[in-house]
Amino acid sequence: FMDPGEMREVNLTLQESHDPKANKTTYRLELPMASDRWIALKVRAGGMFQREVWLERDMPEPTGSPVMAKVAWKNASLQEGELVLDLSQAPDRETRFRVTVWHGDNTPVKFGEIKAVYRAPALYFLADRGGEYELYGGHQKVTAPKYDLQLIESELLAEEPLAASVEEPQAFTGGGWFPAALRPVLQARWGFYAALALMTLGLLVVVVRLF
């Protein structure tokens, strides 16, 4: 059976850009994968400040980026503060977002880090015996694969299947009595040199007869 499990975090890589005219900093980020289990973004920054933070979908500029949330972030301590941006209302297939910080007339605030929070469910099952088990996951909305063999699918299906035949196995006898008797001689050092000398002598006889 399934259990809600626990909340886990993953660090994200940020692409930072600053617009000096509007005095705003934009952080572009991308989630590792599309999923409906993303819960929130956790942003950390140090110092005393008060800023307006926007969470937007990272869409091309001509089409505009829908603003998902506008949050007033106030940190009245010298300690590093944390801001949580809700992702539960984001589209399931969306992975690209951007966080915009409006600084007003103040010095820009730098993010220390940003993490994505997701829910990791737990799966409980009753096993027959102890040991190691592997869990394989799939994608419920995956489409059917498309291979090049589909181009000749009709021709392949029209062919009559052929039965494969296999001959009876036969034992290997080792090549007869002569190689078996000669093998110990060749394996010995003196036998190897003797065979080499006989071959040389035979070649000399052939050369003498030719000339």
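The values are calculated or read from the model by the stated rules, or taken from the named source; none is laboratory data. Being a predicted model, the structure only gives us computed values, none of them experimental. Every residue, glycine among them, receives a Cβ derived from its backbone with ideal geometry; neighbour counts consider all protein chains shown. When the accessible area is computed, the model is the full protein with side chains, heavy atoms only, and any ligands, DNA or RNA have been set aside. Shrake-Rupley method; radii C 1.70, N 1.55, O 1.52, S 1.80 Å.
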Is at least one residue of the stretch 85-107 open to solvent by less than 50 Å² (accessible area, probe 1.4 Å), without any contact (Cβ under 8 Å) to a residue 40 or more places away in the chain and not polar (S, T, N, Q)?
no
Quick check on my filter: what residues within the stretch 8-67 are more than 30 Å from residue 142 (Cα to Cα), open to solvent by less than 40 Å² (accessible area, probe 1.4 Å), of a type in the set (Ser, Thr, Tyr) and over 28 Å from the mean Cα position of the chain (by Cα)?
25, 26
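Which residue out of 142, 185 is surrounded by 10 or more Cβ atoms within 10 Å (Cβ to Cβ), at pLDDT below 80 and over 28 Å from residue 42 (Cα atoms)?
From the options 142, 185, the qualifying one is 185.
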When you scan the stretch 129-136, do you find a residue that is open to solvent by 60 Å² or more (accessible area, probe 1.4 Å) and of a type in the set (Lys, Arg), even just one?
yes
Step by step: first the residues of the stretch 145-182, then only those that are open to solvent by 100 Å² or more (accessible area, probe 1.4 Å) and among the β-branched types (Val, Ile, Thr), then the one that is modelled with the lowest pLDDT. Which residue is that?
173
